[in-house]
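First the structure, in the form of structure tokens, and then the observations on it.
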Amino acid sequence: MNASMHEQLAELLRADPDHECEGVGKDKVCVKIVAMAELPTRFGDFHIVAFENNKDGKEHIAITRGDVIGATDVPVRLHSECLTGDVMGSLRCDCRDQLEAALKMIGGLERGMVLYLRQEGRGIGLLNKIRAYSLQDQGLDTVQANHALGFRDDERDYAVAAHMLMSLKIKSVKLITNNPKKIQQLVDYGITVSDRIEHIMPSNEHNRFYLETKAAKSGHLLDFNGRERFVEQDDLPIIEDRRMNGNL
């Protein structure tokens, strides 16, 4: 592991253990670093940095690779918690594939990070996500199901993510995403997004309609009619590391 990075993280933790600030976003969310450790994984050697916030007590983590503190153009993936996908390998979504692909990608880079955010079910929570699944089993798409439960199609807020990046003194990021709303929210919260890295996974018979709905109704940058990107799902995720110039 990078000893200097470990020391830098430890210094951040020591320097401001009782951090309080005006917060970020409409809810004035303030986060602080509470713990860090080395994290060797199947995807490479990382540090894991734990954060807590003053809004709801949820714990979020940054999984960092290399010297990211104070760095520019850091490849960053914002990953929202998905118990059914990340842990159980559900084929109804592509969440586990996206998480593993991001960790493998960053594990091969000089620096980068994944922010693992506790926003289950695109912000509606686990129980409501299962309710939405039930409605989808009856024929609704993922957006219609959320609306039927009284939610927007995406309830996630990335103020916590923006503050986590600020806490690590990140100067600019290359955001690993297909979702323009993530880019816009980070920019709105004061984060410089210098580039976008595509992050497209192969579909399967269970999540194809879900992905098509994300593209058609939620504005995700997925191509179903152009280049042949979606193939039968393999056991291991396929990493797409295509960069697009400029801010999107």
- Message: With equal scatterers on the alpha carbons only and no solvent term, can you work out the Debye log10 of I(q)/I(0) for the range 127-218 at 0.10, 0.15 1/Å?
- Response: -0.35, -0.72
- Message: Suppose only helical runs count, i.e. DSSP H with n ≥ 4. What mean residue ellipticity at 222 nm does that imply for the chain under -39500 (n - 2.57) per run, divided by all residues and rounded to the nearest 500 deg cm²/dmol?
- Response: -9000 deg cm²/dmol
- Query: Whole-Hz Karplus ³J(HN,Hα) for the range 94-99, in order, using 6.51 cos²θ - 1.76 cosθ + 1.60 and θ = phi - 60°, x for Gly and Pro?
  - Reply: 10, 5, 5, 4, 5, 5
- Return the long-range amide H neighbours of Lys58 (sequence gap of 5 or more, or a different chain), with a cut-off of under 5 Å between placed amide H atoms. Asn53
- Query: Using +1 on the beta carbon of Lys and Arg, -1 on that of Asp and Glu, and nothing else charged, what's the dipole of the chain about the Cα centre, debye to 20?
  - Reply: 460
- Note on the structure: Diffing the range 199-210: the Karplus 3J(HN,Hα) column from phi (6.51, -1.76, 1.60, θ = phi - 60°), in whole Hz with x for Gly and Pro, holds 8, 9, 9, x, 8, 9, 5, 8, 10, 4, 5, 4
- Message: Counting other beta carbons within 10 Å of each residue's own, what order do Lys58, Lys214 fall into, fewest first?
- Response: Lys58, Lys214
- Message: How long are the semi-axes of the equivalent ellipsoid of the chain, defined as square roots of 5 times the Cα gyration tensor eigenvalues? Whole Å, largest first.
- Response: 29, 21, 17
- Message: For Leu117, what residues show an amide H to amide H distance below 5 Å, using hydrogens built from the backbone and excluding near sequence neighbours?
- Response: His79, Ser80, Glu81
- Message: I need to check one value: relative contact order of the chain, counting alpha carbon pairs closer than 8 Å and at least 6 residues apart, in percent.
- Response: 19
- Task: Name the long-range amide H neighbours of Phe46: under 5 Å, sequence gap of 5 or more, or other chain; modelled H, no Pro or chain starts.
- Result: Leu39, Thr41
- Orientation-averaged projected area, Cα convex hull of the range 1-118 (nm²): 8.1
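FYI, it's all coordinate maths here, none of it is from the lab. Since the model is a prediction, treat every value here as computed from it, not as a measurement. Reconstructed Cβ throughout: ideal geometry from the backbone, glycine too, with neighbour counts over all protein chains shown.
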